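Structure record follows, encoded as structure tokens.
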Amino acid sequence: MTTTLAPPVPLKPTNKDHHWTAEDFYRAAAAGEFDDPDRLELVHGRLNRIMQGDRHANLCTRLSRQLRRVLDPPLFARDEKPVHIAFDGEPIPDVMFTYQEQYEGRHPFPEDLALLVEVSDTSAAYDLGEKALLYAQAGIGDYWVVLVNEAIIVRHREPTAEGYKEVTRLAGTDALSPLAMPEVVWTIDALLGARSNP
């Protein structure tokens, strides 16, 4: 995911140092304070604007389609939808798979997630750093980061408070399976295709 870490430009001025909670954000969005609230994600109390270039969007579409063909159902795909991590954290991953199709009155929690995927073109350091730590601390057990420019998927497993204990870079004919459905196996080439190459 391409993410601009600078504060978003709202319709009305806000304090750039304000520590946002999810409740604050939804109240402000309902009051019309943001020009495009659906493109904002909340991470550690900070609002980040999500940006997508053509290459990123195309690979997200391809990857989601490839995963959905096999995983949905019994898992359920949600593209670019929030996951509630904490009172001040609702990131918006590119693709995630949940155990239920709908969650009445709320966004999915970490324990509802079978797989979470971020596609990184210009945001690799963020997705492999701050976001990986956030997801590990939330206990998300299967987190993949697709490095668009390298045609690599970095698989994260065994979350702890300090980060993921198992981080594996996979490419080419390396095999990859979701933790929730280990009988399903792809190669990285099959998932990403030739279009992911520079």
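Under the rule of -39500 (n - 2.57) per DSSP H run of 4 or more residues, summed and divided by the residues of the chain, what mean residue ellipticity at 222 nm is obtained, to the nearest 500 deg cm²/dmol? Provide the component values of the computation, followed by the final result.
Numbers: 5 runs with 45 residues, N = 198.
Mean residue ellipticity at 222 nm (helix-derived): -6500 deg cm²/dmol.
Rounded to the nearest 20 debye, the dipole magnitude of region 51-196 is 400 debye, with +1 charges on Lys and Arg beta carbons, -1 on Asp and Glu beta carbons, and the Cα centre as origin.
Report the extension gain between LEU176 and THR122 in nm, rounded to one decimal, defined as 0.36 nm multiplied by the number of residues separating them, less their alpha carbon distance.
Details: separation 54, 0.36 × 54 = 19.44 nm, distance 2.34 nm.
Between LEU176 and THR122, full extension yields an extra 17.1 nm.
Close amide H pairs (under 5 Å, H built 1.01 Å from N) link LEU115 with PHE97, residues at least 5 positions away or on another chain. Of the residues ALA28, ALA151, ALA114, the one that moves most in a GNM of the chain with alpha-carbon contacts below 10 Å is ALA28.
Could you work out the local net charge near ASP88, counting Lys and Arg as +1, Asp and Glu as -1, over the other residues with Cβ closer than 15 Å to its Cβ? List each step's numbers first, then the result.
Working: positive: ARG27, ARG46, LYS131; negative: ASP17, GLU23, ASP24, GLU41, GLU90, GLU130.
Here the charged neighbours net out to -3.
Each residue of region 102-115 is assigned a 3J(HN,Hα), and the resulting list reads 9, 10, 5, x, 7, 8, x, 9, x, 5, 8, 9, 8, 7 Hz, derived from the Karplus form 6.51 cos²θ - 1.76 cosθ + 1.60 (θ = phi - 60°), x at Gly and Pro.
The three principal axes of the Cα atoms in region 51-196 give end-to-end lengths of 39, 32, 30 Å, sorted in falling order. Note on ARG27/ASP79: beta-carbon distance plugged into 1/(1 + (r/R0)^6) with R0 of 35 Å gives a FRET efficiency of 0.85.
For region 70-76, the Karplus equation 6.51 cos²θ - 1.76 cosθ + 1.60, evaluated at θ = phi - 60°, returns couplings of 10, 8, 10, x, x, 8, 10 Hz by residue, with Gly and Pro reported as x.
Compute the projected area of the convex hull of the Cα atoms of region 53-112, averaged over all viewing directions, and report it in nm² to one decimal place. Don't skip to the end; give the middle numbers.
Working: hull surface 18.3 nm².
The Cα convex hull of region 53-112, projected and averaged over all directions, gives 4.6 nm².
Any read-out appearing in this document is the output of simple, stated calculations on the displayed coordinates, not a laboratory observation. The structure presented is a predicted model; accordingly, all values stated were derived computationally and were not measured. Methodologically, a virtual Cβ is constructed for each residue, glycine included, from the backbone with ideal geometry; neighbour enumeration extends over all protein chains shown.
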